[in-house]
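J.: I have a structure here, written as structure tokens, and I will follow up with some questions on it.
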Amino acid sequence: MSQFTALKGLVSLVTGGASGLGRATVERFSKLGSRVILCDLPSSEGQQVASKLDNCVYLPANITSEDEVKEMLKTVLKDYNSLNVLVNCAGIGVARKTYNIHKNLPHPLEEFERVLQVNVMGTFNVVRQAAVLMAQNQPNEDNARGVVINTSSVAAFDGQMGQVAYSASKAAIAGMTLPLARDLGEFGIRVCTICPGVFDTPLLAALPKKAIDALTNSVVFPKRLGNPDEFAQMCQTIVENPYLNGETIRLDGALRMV
């Protein structure tokens, strides 16, 4: 079995790993024997999460900072001598309509900019620097050296009212998938993107219960919120299937938001 068809022994970096989908991925990969680097903000619970798991360390960094990501990856290279898998889960959202007629206010530009800065620029910042490490790996029999998994959302395609900033950022992440795969394929690095539907995460929990219930009822089957470990399972599948590349995968129980 090649080094990229089993997680055991691989070095995996998960951004946004202190909560939600990222935390579920950290926990699953750790249980499967991957050596996991949990990256999240200094204000996160990253240290507490990592301390409860085997083969897991916490390295704080703001993904929008070129210098912080560079320093974090220097530590990864020094301590592990390689990086095989990157899962980008770090992201933020905002609920804001383009125009609020009651307050006679347009969508604040700084909010739109902030969502794109974290979700798009942050994701790309980590990918571009992680690729430097992955390209130095010894290739396997497929000439494979690494796997990148980014997190978009069904909102990239079915954005709801008040989701213009979030949808734009997630559509950008989906749009990066194929060109990233083409850019990095010559180095043996695969790139896929997962578009989760409604998952039981702190980000979703911030919505009003009425909104959560409406979204849940829109799921075709199984009619429930997604379990974060199901996202982590999809990450595992992408790593283990060497022919998955350049693909954007909806993981949503056939949800189509209206």
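J.: Every residue in the range 26-60 that is touching a Pro at 6+ places or on another chain (Cβ under 8 Å), of a type outside the set (Gly, Ala, Ser) and more than 20 Å from Val120 (Cα to Cα), please.
T.: Within the range 26-60, just Pro42 meets the criteria.
J.: If you take the residues in the range 204-256 that are polar (S, T, N, Q) and assigned to a helix (DSSP H, G or I), which one is surrounded by the most Cβ atoms within 10 Å (Cβ to Cβ)?
T.: Gln236
J.: Within the range 144-155, restricting attention to residues that are touching a Cys at 6+ places or on another chain (Cβ under 6 Å) and either in a loop (DSSP other than H, G, I, E, B) or of a type in the set (A, V, I, L, M, F, W, C) (or both), which residue is surrounded by the most Cβ atoms within 10 Å (Cβ to Cβ)?
T.: Applying the filter and picking the extreme gives Ser153.
J.: Moving on. Regarding Glu113, is this residue loosely packed, with under 14 Cβ neighbours inside 10 Å and part of a helix (DSSP H, G or I)?
T.: Working: loosely packed, with under 14 Cβ neighbours inside 10 Å: yes; part of a helix (DSSP H, G or I): yes.
Yes, satisfied.
J.: Considering (1) in contact with a helix residue (DSSP H, G or I) (Cβ under 7 Å, 6 or more places away or on another chain); (2) closer than 21 Å to Asp79 by Cα, say which one Lys52 fails and leave the rest.
T.: Among (1) in contact with a helix residue (DSSP H, G or I) (Cβ under 7 Å, 6 or more places away or on another chain); (2) closer than 21 Å to Asp79 by Cα, Lys52 violates only (1).
J.: A further question follows. Would you be able to tell me the number of residues in the range 122-143 that are surrounded by 15 or more Cβ atoms within 10 Å (Cβ to Cβ) and out of contact with any Gly (no Cβ under 9 Å at 6 or more places or on another chain)?
T.: Final tally of qualifying residues: 5.
J.: Let me ask you something else. So, in the range 146-169, how many residues would count as being closer than 22 Å to Phe29 by Cβ and either among the hydroxyl-bearing types (Ser, Thr, Tyr) or free of Cβ contacts under 8 Å to residues at least 60 places away in the same chain (or both)?
T.: If we filter the range 146-169 for residues that are closer than 22 Å to Phe29 by Cβ, which is where we start, we get 146-153.
Filter once more, so that each one left must be either among the hydroxyl-bearing types (Ser, Thr, Tyr) or free of Cβ contacts under 8 Å to residues at least 60 places away in the same chain (or both): 151-153.
The number of residues fulfilling the criteria is 3.
Okay, residues lined up against (1) more than 21 Å from Lys8 (Cβ to Cβ); (2) modelled with pLDDT of 95 or more; (3) among the aromatic types (Phe, Trp, Tyr):
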{"site": "Phe29", "(1), (2), (3)": "no, yes, yes"}
{"site": "Gly33", "(1), (2), (3)": "no, yes, no"}
{"site": "Asp40", "(1), (2), (3)": "yes, yes, no"}
{"site": "Ser44", "(1), (2), (3)": "yes, yes, no"}
{"site": "Pro60", "(1), (2), (3)": "yes, yes, no"}
{"site": "Glu68", "(1), (2), (3)": "yes, yes, no"}
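J.: Please find, among Asp229, Asp213, Asp200, the residue that is over 13 Å from the mean Cα position of the chain (by Cα) and modelled with pLDDT of 95 or more. Before the answer, list the steps.
T.: On the way: Asp213 fails: modelled with pLDDT of 95 or more; Asp200 fails: modelled with pLDDT of 95 or more.
Residue meeting the stated conditions: Asp229.
The values are calculated or read from the model by the stated rules, or taken from the named source; none is laboratory data. Source: prediction; values computed, not measured. Don't worry about glycine lacking a Cβ; one is built from the backbone with ideal geometry, like all the others, and counts go over all protein chains shown.
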